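A.B. asks: Below is the structure I would like to discuss, written out as structure tokens.
Laboratory data are not the source of any read-out in this text; all were calculated from the coordinates shown. Because the structure is a prediction, the values reported are computed rather than measured. FYI the Cβ positions are ideal-geometry reconstructions off the backbone, even for glycines, and counts take in every protein chain you see.
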Amino acid sequence: MFATLIRFIHRWKQFNRSLNELSRLGDRELADIGIGRSDIQAVAWKSAHHA
């Protein structure tokens, strides 16, 4: 149970870090890497669960 909680916290931090970094990018920068502004949450979520 403790390991599950630690894993959840780690993933949540990774999600927030990715979300913040992607949100700071401009629309052109996002387009350059193939991400639309509406895709940011999904990309950040996927990143957190595959890290």
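A.B. asks: For the subset of region 23-36 comprising residues that are surrounded by 13 or more Cβ atoms within 10 Å (Cβ to Cβ) and not β-branched (Val, Ile, Thr), which member is farthest from Lys13 (Cα to Cα)? Spell out how you get there, then give the answer.
C.D. replies: Residues of region 23-36 that are surrounded by 13 or more Cβ atoms within 10 Å (Cβ to Cβ), as a first pass: 25, 30, 35.
Still in the list and also not β-branched (Val, Ile, Thr): 25, 30.
Details: Leu25: 19, Leu30: 21 Å.
Filtering first and then ranking leaves Leu30.
A.B. asks: Okay, moving on. Restricting to region 6-29, name every residue that is part of a helix (DSSP H, G or I) and over 20 Å from His50 (Cα atoms). Can you show your working first?
C.D. replies: Step one: filter region 6-29 for residues part of a helix (DSSP H, G or I), giving 6-24, 27-29.
Those that are part of a helix (DSSP H, G or I) and over 20 Å from His50 (Cα atoms): Arg24, Asp27, Arg28, Glu29.
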